[in-house]
Amino acid sequence: MKTNTLLRYAFAICAGFALSGMAHAQDWKVVGEFGWFGVGKAHEVEKGHFYWVGEFSGTFFNDKGEGSLFHRAGVKCPAWFDADFNNKKSKAGGYCIITDLGGDQAYLTWQNAGSPEPGGRGPGTFQYTGGTGKYKGISGNYTFVGVTQVNWADGTTSGYSTWNR
């Protein structure tokens, strides 16, 4: 086999691997909604300013529906939430564990900032940090918007997050 032909084959194989890697990374992008309920403990650090530590948990619904990535997967997110109602500003962050019906898991870290008011929006980012089973090797940086619907008197909270919309 000639050297030129061998080099062309090697280049074609490398290009194929590179393109399939890029396509696979794009496969981890999900578009949908995560409906959550937050349970934890809120500490009033000053009048009208609360620091909450707990967990947001619920279900993710992929816009593509049945059979798509993370559709109807359980999501648990140990987190913190700094809600300053005096200045109408909030920050939050933490981790999430996404578990599908087969038991495979994906892990991510997230952070956002916005308004703590009911209906308040908090744009943010999340980064996959790893996974098990079919999510082994998951990676990428993506966006979401968290929306607080209700801050309940007992310190719990309800809301949803839109991912990559």
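Computed values, structure above
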| read-out | value |
| --- | --- |
| Residue match in the stretch 87-110 (condition: within 18 Å of the chain's Cα centre (by Cα), among the basic types (K, R) and modelled with pLDDT of 95 or more) | yes |
| Enumeration of residues in the stretch 60-87 that are open to solvent by less than 50 Å² (accessible area, probe 1.4 Å) and closer than 17 Å to E33 by Cα | F60, N62, G65, S68, L69, F70, H71, A73, G74, V75, C77 |
| Every residue from the stretch 95-129 that is closer than 18 Å to Y142 by Cα, in contact (Cβ under 8 Å) with a residue 24 or more places away in the chain and open to solvent by less than 60 Å² (accessible area, probe 1.4 Å) | C96, I98, Q105, A106, W110, N112, A113, G114, G122, G124, F126, Y128 |
| Neighbours by Cβ (under 7 Å, 6+ apart or cross-chain): first from the stretch 41-54, within 11 Å of G155 (Cβ to Cβ) and of a type outside the set (A, V, I, L, M); second open to solvent by less than 70 Å² (accessible area, probe 1.4 Å) and part of a loop (DSSP other than H, G, I, E, B) | K41/G155 |
| Residue in the stretch 139-165 that is surrounded by the fewest Cβ atoms within 10 Å (Cβ to Cβ), counting only those that are touching a strand residue (DSSP E or B) at 6+ places or on another chain (Cβ under 8 Å) and of a type in the set (A, V, I, L, M) | V150 |
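The values are calculated or read from the model by the stated rules, or taken from the named source; none is laboratory data. What you see is a predicted model, and the numbers here were worked out from it, not measured in a lab. FYI the Cβ positions are ideal-geometry reconstructions off the backbone, even for glycines, and counts take in every protein chain you see. With ligands, DNA and RNA removed, areas are computed over all heavy atoms of the protein, side chains included. Shrake-Rupley method; radii C 1.70, N 1.55, O 1.52, S 1.80 Å.
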